[in-house]
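For reference, the structure is listed below as structure tokens.
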Amino acid sequence: MTDTTRIFLIRHALVEASARLTAYGSMDVALCQDTLVRERPAHAWLAARVPPGARWYCTPLARTRATAMAIFAAGYPEAELTDLPHFVEQHLGEWQGLTHEEFTAVLRDPPHPFWNHGADERPPGGESLSEVVDRVGPTLEAVADENPGGDAVIVAHGGSIRAALAHACALTPYQALQFSVKNLSLTRLERERGHWRVGTVNEEPPPG
């Protein structure tokens, strides 16, 4: 066993087309079945890219569990999935489920250059990205504590993966939103002697 704990963060696969028309946030929306078929090579790449014997986690939202099952079906030996409730996507409160046009109209702050809302925007009844960082950070540390010197995989969401990066690198929410985290991309964080190192961010399957 080494002193380095590696955590592989995978963003879930693309959600169904009707959900993509809305700001779905932490709503429990399904994956796009047609896209799942087309993305089998990406699932196979992830199955080969993640080290064997890792401990697997997902969030309570079905799209992360379904993504993990697709990776297992593509060749990774099926593993038990442990739920991480604090790794769910940002809750958009009363704005959740609005169309993108409706969502833009109710924003109180200017949107981030690379996201549909500002880094400090807190929707009514929802949470800001800072609050997502506050719940994701301790959970990330707990997963590392549970797997000392080992490997863990967390199938999560764009918001919670950015929050994990913010925690690991002590970034502001604005800086966290500057990371691109695409569907089925891989981000690797490593903790060694209590310190975090970034191995890769938004690593994507090779084209074709």
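The values are calculated or read from the model by the stated rules, or taken from the named source; none is laboratory data. The shown structure was predicted, so the numbers you read here are calculated from the model rather than taken from an experiment. So basically every Cβ, Gly included, is an ideal-geometry build from the backbone, and we count neighbours across all protein chains shown. Quick note on the areas: whole protein, heavy atoms, side chains included, nothing else; ligands and nucleic acids left out. Shrake-Rupley method; radii C 1.70, N 1.55, O 1.52, S 1.80 Å.
Residue-level check: of (1) hydrophobic (A, V, I, L, M, F, W, C); (2) in contact with a Leu (Cβ under 7 Å, 6 or more places away or on another chain); (3) at pLDDT 95 or above; (4) within 29 Å of E131 (Cα to Cα), F114 misses just (3).
Just name the residue that is farthest from V181 (Cα to Cα) out of those in the range 84-99 that are open to solvent by 70 Å² or more (accessible area, probe 1.4 Å) and out of contact with any helix residue (DSSP H, G or I) (no Cβ under 7 Å at 6 or more places or on another chain). First the steps, then the outcome.
To start, the set of residues in the range 84-99 that are open to solvent by 70 Å² or more (accessible area, probe 1.4 Å) comprises 85-86, 91, 94.
Subset that is out of contact with any helix residue (DSSP H, G or I) (no Cβ under 7 Å at 6 or more places or on another chain): 85, 91, 94.
Values: P85: 20, H91: 18, E94: 25 Å.
That would be E94.
Within the range 1-27, residues that are basic (K, R) reach partners that are open to solvent by less than 30 Å² (accessible area, probe 1.4 Å) and in a strand (DSSP E or B) with beta carbons closer than 6 Å, at six or more positions or on different chains, in the pairs R6/E190.
Please go through the range 70-80 and give me each residue that is out of contact with any helix residue (DSSP H, G or I) (no Cβ under 6 Å at 6 or more places or on another chain) and either in a loop (DSSP other than H, G, I, E, B) or open to solvent by 20 Å² or more (accessible area, probe 1.4 Å) (or both), ordered by number. The answer is A73, P77, A79, E80.
Being within 21 Å of L184 (Cβ to Cβ), part of a helix (DSSP H, G or I) and out of contact with any Pro (no Cβ under 6 Å at 6 or more places or on another chain) is a condition met by at least one residue of the range 86-93.
Number of residues in the range 155-181 that are surrounded by fewer than 17 Cβ atoms within 10 Å (Cβ to Cβ) and touching a strand residue (DSSP E or B) at 6+ places or on another chain (Cβ under 6 Å) equals 1. G125 satisfies every condition listed in (1) of a type outside the set (S, T, Y); (2) free of Cβ contacts under 8 Å to residues at least 24 places away in the same chain; (3) open to solvent by 60 Å² or more (accessible area, probe 1.4 Å) except (2). Going through (1) open to solvent by 80 Å² or more (accessible area, probe 1.4 Å); (2) without any contact (Cβ under 8 Å) to a residue 60 or more places away in the chain; (3) within 24 Å of H167 (Cα to Cα); (4) of a type outside the set (S, T, Y) one by one, F114 falls short only on (2). Across the range 38-48, not a single residue is classified as in contact with a Leu (Cβ under 8 Å, 6 or more places away or on another chain) and free of Cβ contacts under 8 Å to residues at least 24 places away in the same chain.
The condition of being farther than 18 Å from F87 by Cβ and modelled with pLDDT under 95 holds for G208.
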